[in-house]
1. Using a cut-off of 13 Å between beta-carbons, work out the net charge of the residues near Ile101 (Lys and Arg +1, Asp and Glu -1, Ile101 not included).
2. What's the local net charge at Pro140, with K and R +1, D and E -1, over the other residues with C-beta under 15 Å away?
3. Where in the stretch 163-182 does the amide nitrogen come within less than 18 Å of the point 7 Å from the Cα of Ser114, taken along Cα to Cβ?
4. Report the net charge of residues surrounding Val177, where surrounding means a beta-carbon distance below 14 angstrom and charges are Lys +1, Arg +1, Asp -1, Glu -1.
5. Post the alpha-carbon centroid distance, the stretch 81-158 to the stretch 174-188, in whole angstrom.
6. If I model a spin label at Ser195 and Asn137 as a point 7 Å from the Cα along the Cα→Cβ vector, what separation in nanometres do I get?
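The numbers here are math on the coordinates, done by the rules we state, and not lab data. Predicted model, so just to flag it, every value in this text is computed and none were measured. So basically every Cβ, Gly included, is an ideal-geometry build from the backbone, and we count neighbours across all protein chains shown.
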Amino acid sequence: MSMALAACGATGSASSTAKPATIRHTKTEAHSVDISATKLTGVDTQLRLVPSSSSPVSKGLSTTAVAPASIATAGGAQTISLPIVGGNFTFDTTDHHITGIVDHSGGFRLTGGSSPAVTVVDLNINLSTKVVTATVNGSPNVPLFTLSGTADLARQGVHDVITGLTASVSPHTTAAVKAMLGSSGTVGDLTITASTTA
């Protein structure tokens, strides 16, 4: 399953094999984003599922939303929108490094094939460790995805937007998730769109 995140740390001592994400500062029109200890107050993260060996579509799976999340389909691609309910991040204008967390409500459910259904809710994106955790089939703080890529942080209207991150199946996730998506592979792209307050 390949996904794209548009707006979410994990436990486990083993290190991820995914290439760590880096952050690139992006100027928008006449100003650049300059954020320090910013609190997140809303909007969403979008996970765009892209064709790959870990794609639910490629595997013949059905992906449905768990409220208040939603799923939209356009051009044959699915995007899961996960409402942001809290978190924070800090952007260092010296080295263009971003740290922090993004908390969400709702999630998605995977069904189909010969494996039991998997329900994923309350995703947490740790921008510091580049790990996404979630409650999976009732078990909290399960490593779900690892993040890689070069992230851009920009101001779009009244929102701060982080793009450029790709989610892959975590090697430390549960057997149930691996049975659905495989033990590795790209799931999709993330886009984080947040309302913020200092």
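1. Values: positive: Lys39, Lys130; negative: Asp103, Asp122.
Computed value for this residue: 0.
2. On the way: positive: none; negative: Asp103, Asp122.
Combined, the nearby Lys, Arg, Asp and Glu give -2.
3. 175-182
4. On the way: positive: Lys59, Arg109, Lys178; negative: none.
The answer is +3.
5. Value for the Cα centre distance between the two parts: 16 Å.
6. About 3.7 nm separates the two model spin labels.
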